[in-house]
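One structure below.
The values are calculated or read from the model by the stated rules, or taken from the named source; none is laboratory data. Predicted, not measured: the structure shown is a model, and the values here were computed from it. Every residue, glycine among them, receives a Cβ derived from its backbone with ideal geometry; neighbour counts consider all protein chains shown. Surface accessibility is based on the protein's heavy atoms, side chains included, excluding ligands, DNA and RNA. Shrake-Rupley method; radii C 1.70, N 1.55, O 1.52, S 1.80 Å.
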Amino acid sequence: MYSSDSSRIHNNASEFTVQVSAHILERFSTFALNRNDDTDTDHPLLDELNINGYNEIEQLVQKTFPSCDVSKICRVYAPQMYGMYMLRMEEMKLDIGRSVQEKLLYHVTTESRAMESLNSGLDWRRTRRNKFGCGVSFSDNADYANYYADSSPSEDTRIIMICCVLVRETYVVHSQNNGNALIVPPNNADTSVSYNGHVYVKYNDNEFYPLYFVYYLRRPKHRTTSKFYRANNRRQTHMVYRW
């Protein structure tokens with residue numbers, strides 16, 4: 001069910017979380033130092049990455065989504081959301097005998113919806129595909145997240161939200177139809193997982209935190225070159241049987 005890189009993903013997620021904590025402390029200190037009490041100063045929600053950080057995140061995305069032409073990458077600055085995420089992590093750890101993992105996962109949406117999520121979280125009611133549960137879906141594969149993202153909005157500017165996601169107990173949805181009415185997974189699970197291992201569905205806003213926004217334009221080639229495109233799947237299957 002899980003990829004062979006699951007331990008690496010877990011380690012990367014933990015490393016990124018430490019970076020986020022340091023970033024928030026740095027930004028808060030800078031804001032406090034420069035604050036003028038006579039004026040209202042807004043906290044910027046996003047910071048554009050420097051070249052080194054940009055290259056690292058771009059490579060991470062293109063490892064599973066090579067056709068993605070990244071135009072901009074921003075680091076998220078949302079202290080309240082991050083605080084709720086860390087509080088939820090500690091609460092989940094209190095359940096004795098159950099370990100909590102941080103997984104580095106992807107969620108693709110439009111620019112406007114991504115910006116809304118910084119204030120109100122991701123809205124699962126906008127999800128058109130709920131085969132694996134009526135919650136917010138994430139994927140361990142950026143290509144998969146893009147391929148199955150909602151294609152109805154007219155916005156061509158898309159954002160890959162790279163998120164830390166808390167996972168403790170999982171429930172595997174073995175049939176595509178079983179998840180259509182799944183509001184809360186059974187057996188004390190907090191996450192439902194697709195039978196192919198690519199989809200993780202979360203039901204609590206505080207159990208994920210967006211680390212980075214990766215901007216790109218939606219293009220037809222993303223669909224036709226995707227390894228999840230049916231024509232490509234048929235071609236690969238034919239080659240397997242042929243040899």
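Structural remarks
- Residue list for the stretch 202-217, restricted to those being more than 19 Å from Thr64 (Cβ to Cβ) and part of a strand (DSSP E or B): Lys202, Tyr209
- Among the residues making up the stretch 185-243, a single one is modelled with pLDDT of 90 or more, in contact with a Gly (Cβ under 6 Å, 6 or more places away or on another chain) and open to solvent by 50 Å² or more (accessible area, probe 1.4 Å): Tyr203.
- Cβ-Cβ under 7 Å pairs, at least 6 apart or on other chains, the stretch 59-83 side closer than 17 Å to Ala114 by Cβ and touching a residue at least 12 places away in the same chain (Cβ under 8 Å), far side open to solvent by 40 Å² or more (accessible area, probe 1.4 Å) and of a type in the set (Lys, Arg): Tyr77/Arg27
- Being acidic (Asp, Glu) and in contact with a Cys (Cβ under 8 Å, 6 or more places away or on another chain) holds for only one residue in Glu58, Glu90, Glu102, and it is Glu102.
- Cβ pairs under 8 Å, 6+ apart, first in the stretch 88-114 and under 11 Å from Glu207 (Cβ atoms), second among the basic types (Lys, Arg) and assigned to a helix (DSSP H, G or I): Val100/Lys93
- The conditions of being touching a residue at least 60 places away in the same chain (Cβ under 8 Å), surrounded by fewer than 20 Cβ atoms within 10 Å (Cβ to Cβ) and more than 29 Å from Arg75 (Cβ to Cβ) are met by Val172.
- If you check Glu58, Glu102 for being in a helix (DSSP H, G or I) and modelled with pLDDT of 90 or more, only one passes: Glu58.
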